[in-house]
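The values are calculated or read from the model by the stated rules, or taken from the named source; none is laboratory data. None of these values were measured; they are calculated from a predicted model. Here the Cβ positions follow ideal geometry from the backbone for every residue, glycine too, while neighbour counts run over all protein chains shown.
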Amino acid sequence: MQKIALTLAAASLLVASAASTQAADGRDYISIVGSSTVYPFSTAVAEQFGKTTKFKTPKIESTGTGGGLKLFCAGAGVDSPDIANASRQIKKAEVETCAKNGVTQIVEVKVGYDGIVLANSKKVGQMKLSRKDIFLALAKEVPSPEGGDKLVANPYKTWKDVNAQLPAEKIEVLGPPPTSGTRDAFVEMVMDEGCAAFEPIKALKKTDEKKFKAVCQTVREDGAYIEAGENDNLIVQKLEANPKSLGIFGFSFLDQNADKIQGSMIDGQAPDFKSIADGKYPVSRPLFIYVKKAHVGQIPGIAEYLAEFTSDRAWGEDGYLAEKGLIPMPKDERKTVAADAKALNVIVNNKF
Amino acid sequence: MRETQKISTMERVNVGLAKRYRRERRFRLFGLAAIAASLLFLVLLLGSIVAKGYTAFRQTEILLDIHLDPTVLDVNNLATANYAALVRDAVLALFPQVEGRQDKRVLGKLVSTGAAYQLQDMVMSKPELIGATKSVWVLADDEVDMFVKGHIPRDVPESERRVNDQEVAWIDQLTASGRLQLKFNTTFFQAGDSREPELAGIRGAVMGSLFTLVVTLALSFPIGVAAAVYLEEFAPKNRWTDLIEVNINNLAAIPSIVFGLLGLAVFLNFMNLPRSASLVGGLVLTLMTLPTIIIASRASLKSVPPSIREAALGVGASKMQTISHHVLPLALPGMMTGAIIGMARALGETAPLLMIGMVAFIVDIPHGFSDPATVLPVQIYLWADSPERAFVERTSAAIMVLLLLLLAMNAAAVLLRNKFERRW
């Protein structure tokens, strides 16, 4: 009995001491945090990088854009992440937090585009929506259907109520919760635009922007919009089970499940590779990675990782990232961004 | 008078008897229905997991005749040679009629990008092979694999599947010539995580889970037992010990994410331990399992009859001798059962690990307590969130492995209890 107790005690001591010595060492792998949208792309690059170079494979955490930038900006030492993935541009407030914590030199690299799609099961017809339709179907308060400037609680029950050309199906949309970057982008690019189709609300934008945002970006809570969690695969499965509902998610999931689901036309554009790449499809957003310049040289491999990410075999039209669903930038833009990344040009604070 | 009364009581009983029996049968039926319902759910759960996942244990492989061209493979510089080109040439050689850059590119994608690494390993370990032509089974691409296993339907229009008609024709041709086969999926058990489903495996996650559990067991068992022994055998009964007891019982019911937040604040921000390391994961899970172990240990100490203690003290043993020679050995099986159940819970946890950075993409298999690591349930979560369809079956397969591990641990707990438990 005593022997067992002694061995266990010795083991725990060993573990504790191993910990303290290891913690003192520097890191020999790149640490990346951030957006779950960029995660599938940055992991693909990391894996390729780990297999083809002498460096260790970077560690990538999927924390969401906001959470990732918070960690990124928390400190300048090597125990903080080197790279943050973001599905939107870094905010002024975040740059300021960074600067306050000693992270002054940040390199911004735009890596490509991601489309957000509204899709439904292939068992039923394709939806042809405008952003105004989507706003009317999903907003909490809409302009009164009887006319006038008054806002009323959303009375629409079916798509036909919204627009006579749409089918008489119940409005049921599965989408991400407010914590998701996809949701942020969706309300900004679809709801705001659809909302601005109404003159009185559009006028509001100039006079009272806060009110404008509250009106346009508040999603109805009476069951027509269902928060389905951050797992896009789950939404795809639910669409299959319930052909009457629509789902909101990233383009790569549509791309992978083209035999089961179809993307809805938005403002006359179908979400496909080409229409997103040339900017015709209205609901697409740029993706970024942010790098701490001070860590280049301290942590082995950062410059090489950037070179891999910005190489044509990764982010080019035929690159392996396009295979994963990333929409590449035009060739000239890629060239400029790659050159900026190579030179490690930092973002200047007064840019905002 | 007495006679009639007696009869009327009997009659009353007899009248009510059928109703009472009915009621009893109904009661039993409810219980049976409850068990049937839970069994049904269990079968549904296991059935859907197995049905989705069993195909992951086999993997499509393609037989290639690869010419190990000495002009491409420089003996002095084997690490940087262009193995992918050799694989591509071998695939193209199977279909000499294919022309055009685009077609050739698609054809080259029938084979996994992992084939090049496979070839590299082979050549690096046996450089004398250079110059020869070797027949090698290489991994097929995940989409070919999905098609062969029937997860990508053949009968839908071409535009709706990720394998086009041309590729289908090639795959059929390969199958007909015996160059395409389903083989046991060793990669799944030997590799770390990957973004290519056919190259992804659970080894890294299993090792991470192992390291984490070792830390958890090494810390929580001795601390838990020591705390239980003190509280049960030495501590005076007063307001303070009551307070401690209430707190321990409370801690056992706290949601695990709270322990993750605590771990983030204490181990990462204050003690500066490395992020994503299995050591920190183990520490956090120790905090989580400690109350469970303390409660189980105290219960099993309590169940040792006082006569044993009294007898030991009576023949002149000291308090410490009584405990370490008599009480503890008798209580140990119960404590170990508690510890194993605590460990099984720790094995299935993801929420507290989210906060300390163990929910991450980690390719390299961890070799120590401070290497970045992930654990099995986290691996399942990450795969479930991946867009590639081939990850669906791998997710289910990983769940099966996790369930097997949990079953083994719980079986061990039952065995221990049956073998060593003594009834008084």
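I'm checking my understanding of the structure. Among residues of the range A:62-73 that are among the small types (Gly, Ala, Ser) and more than 8 Å from every other protein chain (Cβ to nearest Cβ), which one is farthest from residue A:180 (Cα to Cα)? Restricting to residues being among the small types (Gly, Ala, Ser) and more than 8 Å from every other protein chain (Cβ to nearest Cβ), the top hit is A:68.
Within the range B:140-154, residues that are part of a strand (DSSP E or B) reach partners that are crowded, with 24+ Cβ neighbours inside 10 Å and hydroxyl-bearing (Ser, Thr, Tyr) with beta carbons closer than 9 Å, at six or more positions or on different chains, in the pairs B:140/B:60; B:140/B:112.
The rows are residues; the columns are (1) of a type outside the set (Ser, Thr, Tyr); (2) outside the structural domain of residue B:187 (by TED's automatic domain parsing); (3) surrounded by fewer than 20 Cβ atoms within 10 Å (Cβ to Cβ).
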site	(1), (2), (3)
B:309	yes, yes, yes
B:314	yes, yes, yes
B:332	yes, yes, yes
B:358	yes, yes, no
B:370	no, yes, no
B:376	yes, yes, no
B:392	yes, yes, no
B:397	yes, yes, no
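Only residues that are within 19 Å of the chain's Cα centre (by Cα) and either crowded, with 20+ Cβ neighbours inside 10 Å or within 14 Å of chain B (Cβ to nearest Cβ) (or both) were counted in the range A:111-127, giving 8.
How many of the residues in the range A:199-237 are among the hydrophobic types (A, V, I, L, M, F, W, C), within 14 Å of chain B (Cβ to nearest Cβ) and under 19 Å from residue A:138 (Cα atoms)? Residues in the range A:199-237 being among the hydrophobic types (A, V, I, L, M, F, W, C), within 14 Å of chain B (Cβ to nearest Cβ) and under 19 Å from residue A:138 (Cα atoms): 2 in total.
One residue stands out in the range A:23-32 among those that are at pLDDT 90 or above and within 8 Å of another protein chain (Cβ to nearest Cβ): the one that is surrounded by the fewest Cβ atoms within 10 Å (Cβ to Cβ), namely A:29. When residue A:142 is tested against the conditions (1) surrounded by 13 or more Cβ atoms within 10 Å (Cβ to Cβ); (2) under 26 Å from residue B:387 (Cα atoms), the lone failure is (2). You will find that of A:344, A:326, A:306, the residue that is at pLDDT below 90 and more than 14 Å from chain B (Cβ to nearest Cβ) is A:344 and no other. Just a yes or no: is a residue in the range A:329-341 under 30 Å from residue A:159 (Cα atoms) and modelled with pLDDT of 90 or more? The answer is no, given that none of the residues of the range A:329-341 is under 30 Å from residue A:159 (Cα atoms) and modelled with pLDDT of 90 or more.
Does residue B:279 fit the bill of being among the aliphatic types (A, V, I, L, M), crowded, with 23+ Cβ neighbours inside 10 Å and either within 24 Å of the chain's Cα centre (by Cα) or not assigned by TED's automatic domain parsing to the domain that holds residue B:217 (or both)?
yes
Among the residues of the range A:145-179, those identified as surrounded by fewer than 18 Cβ atoms within 10 Å (Cβ to Cβ) and assigned to a strand (DSSP E or B) are A:151, A:152, A:153, A:158, A:170. When residues in the range B:202-243 are screened for being surrounded by fewer than 22 Cβ atoms within 10 Å (Cβ to Cβ) and outside any helix (DSSP H, G or I), 4 of them pass. Taking the numbered list (1) among the polar types (S, T, N, Q); (2) modelled with pLDDT of 85 or more; (3) out of contact with any Pro (no Cβ under 9 Å at 6 or more places or on another chain) in turn, residue A:269 passes all entries but (3).
Applying a threshold of 7 Å to beta carbon distances and a minimum spacing of six or more residues, or different chains, the list of pairs starting in the range B:212-224 at a residue that is within 10 Å of chain A (Cβ to nearest Cβ) and ending at one that is aromatic (Phe, Trp, Tyr) reads B:215/B:369.
Looking across the range B:295-311, not a single residue is over 24 Å from residue B:419 (Cβ atoms) and either among the β-branched types (Val, Ile, Thr) or within 14 Å of another protein chain (Cβ to nearest Cβ) (or both). Return yes or no: is residue B:322 out of contact with any Pro (no Cβ under 6 Å at 6 or more places or on another chain), among the hydroxyl-bearing types (Ser, Thr, Tyr) and either surrounded by fewer than 21 Cβ atoms within 10 Å (Cβ to Cβ) or modelled with pLDDT of 90 or more (or both)? Yes. Taken over the range B:142-157, residues that are among the β-branched types (Val, Ile, Thr) and within 11 Å of chain A (Cβ to nearest Cβ) amount to 2.
Of note, residue B:372 does not satisfy the criterion of being free of Cβ contacts under 8 Å to residues at least 60 places away in the same chain and either within 14 Å of chain A (Cβ to nearest Cβ) or closer than 23 Å to residue A:36 by Cα (or both). Name the residue that is farthest from the other protein chains (Cβ to nearest Cβ), counting only residues in the range B:282-294 that are among the β-branched types (Val, Ile, Thr) and surrounded by 24 or more Cβ atoms within 10 Å (Cβ to Cβ). Checking each candidate, the answer is B:294. Selection of the range A:242-271 for residues being closer than 17 Å to residue A:186 by Cα and within 14 Å of another protein chain (Cβ to nearest Cβ) yields A:247, A:249, A:250, A:251, A:252, A:253, A:254, A:263, A:270. Within the set of pairs 6+ apart or on separate chains, which have a first residue in the range B:319-331 that is within 11 Å of chain A (Cβ to nearest Cβ), a second that is basic (Lys, Arg), and C-beta atoms under 9 Å apart? Partner pairs satisfying both residue conditions: B:323/B:309; B:326/B:309; B:327/B:309; B:330/B:422; B:331/B:302. Can you name every residue in the range A:289-315 that is buried (at least 17 other Cβ atoms within 10 Å of the Cβ), of a type outside the set (Asp, Glu) and closer than 28 Å to residue B:109 by Cα? Result: A:305, A:306, A:309, A:310, A:314, A:315. A count restricted to the range A:35-61 and to residues that are more than 7 Å from chain B (Cβ to nearest Cβ) and part of a loop (DSSP other than H, G, I, E, B) stands at 8.
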